[in-house]
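Q: Mind having a look at this structure? Questions to follow.
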Amino acid sequence: MGVLYLGSLLLGIGCMLLLDHRFRLFFWRDATAAATVTAVGVVFLLAWDLAGIGLGIFLRGEGTIATGLLIAPELPIEEPVFLLFLVLCTMVLYTGARRVLGRIPARQREKERENA
Amino acid sequence: MTYLVLALLFIVAAVIAGAAFARAALPGKGGLSGERRQHWKAVGIAFVALAVLTAVFDSIMIGMELFHYDAAHILGVKIGLAPIEDFAYPLAGVVALPGLWMWLTRRSSRTAKPNLKGLVPQALLASRPVSWINTAYPFAAAMLLTTREIDWVLIVGTFYFLVPYNLAMYGINDVFDYESDLKNPRKGGMEGALLQPHLHRPMLWLAAITNVPFLVVLAFAGGPAAWISLAVSAFAVVAYSAAGLRFKERPVLDSLTSSTHFVSPAVVGLALAGADVTPGLLILLVAFFLWGMAAHAFGAVQDIEPDRQAGIGSIATVIGARRTVRLAVVLWFVAGLAMLATPWPGPLAAIIAVPYIVNCARYWNITDTTAGRTNAAWRRFIWLNYGSGFLVTLIFILQWSLAS
């Protein structure tokens, strides 16, 4: 049970990367830029976590689906993995939305040409 | 309530960064250009999707007792089990990161080749890895000797003063020093790298991106004393070389600022650890500060010729090579004497001044025309610092065992 959460996160990351690979959205479009965005995003959100922990707002739970391993006080090993997933999910959604938005006018133009 | 303030702070930072990146990446004259409107539309769509996912999965995660919140710190408004403040995470991410992405990928679409190639290796070379320890060590030692435990603030702060701090200090320096460095064959190796002009802007961005988050986190971890010392430290890093301030070209102020670069990490460490201000501690910091001033002044001697050719002033170009060398020797001497006035085992550190004085004193009668020769001593100086660090460490260990 202890690795259920971590396993789900890794599975989620795998799914995001599959979408990325299939549609050439993020890492498969510009690996360097994607790596930078991912690193900046994870560091930014991790800083937020640490600030929250430092202020005594965030408290780790005793859930049985977590490994219980800590990398800092109140900061379980799953947290950076979750943040990585969140960043990937965000960027796949954004780049995907841009792709879809970019296609609509193109399709309309195509239709207009067919009609003409 | 505290969580709301924290969340707003990070959202404001994210919105500013996101808007700035989007503006820089997708310029448009007046109002929103078509591409920028599409950018924000996509951001909106992504956020709606993320908000739904957050409502569902945050509730599940909280339900599974993966984490919880101190009830006193949250508003209490919840969607499912998720406190409303939790939606700030995806909001901040989706506002800032796509902007960064557009800005980073803009080059590859506009210009033929991405010009950022080599930025990170260049930045690392520019940051003089051989000297990284000189800023991280004072911080780590000051904090560890005060708190006597390794906590996350110590780890984060040490990493900050090891890499990002030096990235900023030397990166900013090399951008604004490009002109004079061009005429100095000494640059490009151990002591720094010539930075190609097309990397100047990215270098400044890299310095900002790698430093600001750490400064914010460290400020959070401490009180007013830490805020002031962090502000002084960051200001000294920028003011030393940035155009308009150029403290490095203002004699005396140059040595003062340079020494601040090495002493301020120790002061930040003491402030974060909540150290008691004792006379012994103050004397130690003053001695360290004098040591830093001497180091800077002596280092400036070798650059007298190139600096003058480039029209750059420094303590050495103004008072001359001979007097600068002598001033450095005297400063090291006084620093050594000062250590004798500190509580045991501090006086042992007085011995550390000796090799610096020996290394430097042979140039007692140097002239401006032979000033370039001190480069040999400067190279030895860089390695002397490692020896001194070793001795200082031994003294710290002794102090540690005496105090426990």
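Q: For segment A:21-78, which positions are free of Cβ contacts under 8 Å to residues at least 24 places away in the same chain and among the aromatic types (Phe, Trp, Tyr)?
A: Correct list: A:Phe27, A:Trp28, A:Phe44, A:Trp48, A:Phe58.
Q: Look through segment B:134-164, keep the residues that are assigned to a loop (DSSP other than H, G, I, E, B) and within 14 Å of chain A (Cβ to nearest Cβ), and return whichever of them is surrounded by the most Cβ atoms within 10 Å (Cβ to Cβ).
A: B:Val163
Q: All but one of (1) free of Cβ contacts under 8 Å to residues at least 60 places away in the same chain; (2) more than 14 Å from every other protein chain (Cβ to nearest Cβ); (3) among the basic types (Lys, Arg) hold for B:Lys117; state the number of the condition that does not hold.
A: Only one criterion is unmet by B:Lys117, namely (2).
Q: Which count do you get for residues in segment A:27-86 that are within 7 Å of chain B (Cβ to nearest Cβ) and either at pLDDT 90 or above or under 15 Å from the mean Cα position of the chain (by Cα) (or both)?
A: Final tally of qualifying residues: 12.
Q: Also: Quick check: is even one residue across segment A:87-94 at pLDDT 95 or above, of a type in the set (Ser, Thr, Tyr) and either under 29 Å from B:Leu116 (Cβ atoms) or buried (at least 18 other Cβ atoms within 10 Å of the Cβ) (or both)?
A: For segment A:87-94, residues at pLDDT 95 or above, of a type in the set (Ser, Thr, Tyr) and either under 29 Å from B:Leu116 (Cβ atoms) or buried (at least 18 other Cβ atoms within 10 Å of the Cβ) (or both): present.
Q: Consider B:Ala231 carefully, then state whether it is farther than 19 Å from B:Leu285 by Cβ and either of a type in the set (Ser, Thr, Tyr) or surrounded by fewer than 20 Cβ atoms within 10 Å (Cβ to Cβ) (or both).
A: no
Q: I would also like to ask the following. Counting only residues that are surrounded by 13 or more Cβ atoms within 10 Å (Cβ to Cβ) and within 11 Å of chain A (Cβ to nearest Cβ), which one in segment B:26-43 is modelled with the lowest pLDDT?
A: B:Glu35
Q: Pick out the one residue from B:Tyr160, B:Tyr178, B:Tyr165 that is within 27 Å of A:Ala31 (Cα to Cα) and free of Cβ contacts under 8 Å to residues at least 60 places away in the same chain.
A: One residue alone meets the criteria, B:Tyr160.
Q: Name the single residue that is surrounded by the fewest Cβ atoms within 10 Å (Cβ to Cβ) among those in segment B:1-16 being at the interface with chain A (Cβ under 8 Å from one of its Cβ atoms) and in contact with a Leu (Cβ under 7 Å, 6 or more places away or on another chain).
A: Across segment B:1-16, the extreme among qualifying residues is B:Thr2.
Q: Among the residues of segment A:13-23, are any more than 9 Å from chain B (Cβ to nearest Cβ), part of a helix (DSSP H, G or I), buried (at least 20 other Cβ atoms within 10 Å of the Cβ) and not acidic (Asp, Glu)?
A: For segment A:13-23, residues more than 9 Å from chain B (Cβ to nearest Cβ), part of a helix (DSSP H, G or I), buried (at least 20 other Cβ atoms within 10 Å of the Cβ) and not acidic (Asp, Glu): present.
Q: Is it the case that B:Leu53 is modelled with pLDDT under 90, assigned to a helix (DSSP H, G or I) and facing another protein chain (nearest Cβ under 9 Å)?
A: Against the criterion (modelled with pLDDT under 90, assigned to a helix (DSSP H, G or I) and facing another protein chain (nearest Cβ under 9 Å)), B:Leu53 does not qualify.
Residues checked against (1) under 27 Å from the mean Cα position of the chain (by Cα); (2) of a type in the set (Val, Ile, Thr); (3) in a helix (DSSP H, G or I):
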{"site": "B:Ala350", "(1), (2), (3)": "no, no, yes"}
{"site": "B:Val358", "(1), (2), (3)": "no, yes, yes"}
{"site": "B:Ile366", "(1), (2), (3)": "no, yes, no"}
{"site": "B:Ala376", "(1), (2), (3)": "no, no, yes"}
{"site": "B:Phe381", "(1), (2), (3)": "yes, no, yes"}
{"site": "B:Ser388", "(1), (2), (3)": "yes, no, yes"}
{"site": "B:Thr393", "(1), (2), (3)": "yes, yes, yes"}
{"site": "B:Phe396", "(1), (2), (3)": "yes, no, yes"}
{"site": "B:Ser401", "(1), (2), (3)": "no, no, yes"}
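Q: For B:Ser109, state whether it is modelled with pLDDT under 85, among the hydroxyl-bearing types (Ser, Thr, Tyr) and in a helix (DSSP H, G or I).
A: So B:Ser109 passes the test.
Q: Among the residues of segment B:216-229, write down those that are part of a helix (DSSP H, G or I) and in contact (Cβ under 8 Å) with a residue 24 or more places away in the chain.
A: B:Val216, B:Val217, B:Leu218, B:Ala221, B:Ala225, B:Ala226, B:Ile228, B:Ser229, listed by residue number.
Q: Taking into account only those residues within segment A:1-12 that are outside any loop (DSSP other than H, G, I, E, B) and within 12 Å of chain B (Cβ to nearest Cβ), which is farthest from A:Phe82 (Cα to Cα)?
A: A:Leu4
Q: Go over the candidates B:Val77, B:Val56 one by one and state the one that is exposed (fewer than 15 other Cβ atoms within 10 Å of the Cβ) and either in contact with a His (Cβ under 7 Å, 6 or more places away or on another chain) or free of Cβ contacts under 8 Å to residues at least 24 places away in the same chain (or both).
A: Selected residue: B:Val77, the only one of B:Val77, B:Val56 that is exposed (fewer than 15 other Cβ atoms within 10 Å of the Cβ) and either in contact with a His (Cβ under 7 Å, 6 or more places away or on another chain) or free of Cβ contacts under 8 Å to residues at least 24 places away in the same chain (or both).
Q: Please verify whether B:Ser259 is more than 23 Å from B:Thr147 (Cβ to Cβ), under 20 Å from the mean Cα position of the chain (by Cα) and in a helix (DSSP H, G or I), treating the condition exactly as stated.
A: So B:Ser259 fits the description; yes.
Q: Please give the number of the condition B:Gly99 fails out of (1) more than 9 Å from chain A (Cβ to nearest Cβ); (2) in contact with a helix residue (DSSP H, G or I) (Cβ under 7 Å, 6 or more places away or on another chain); (3) more than 27 Å from B:Leu26 (Cβ to Cβ).
A: (3)
The values are calculated or read from the model by the stated rules, or taken from the named source; none is laboratory data. From a predicted model like this one, the values you see are computed outputs, not experimental measurements. No Cβ is skipped: glycine too gets one built from the backbone with ideal geometry, and neighbour counts run over all protein chains shown.
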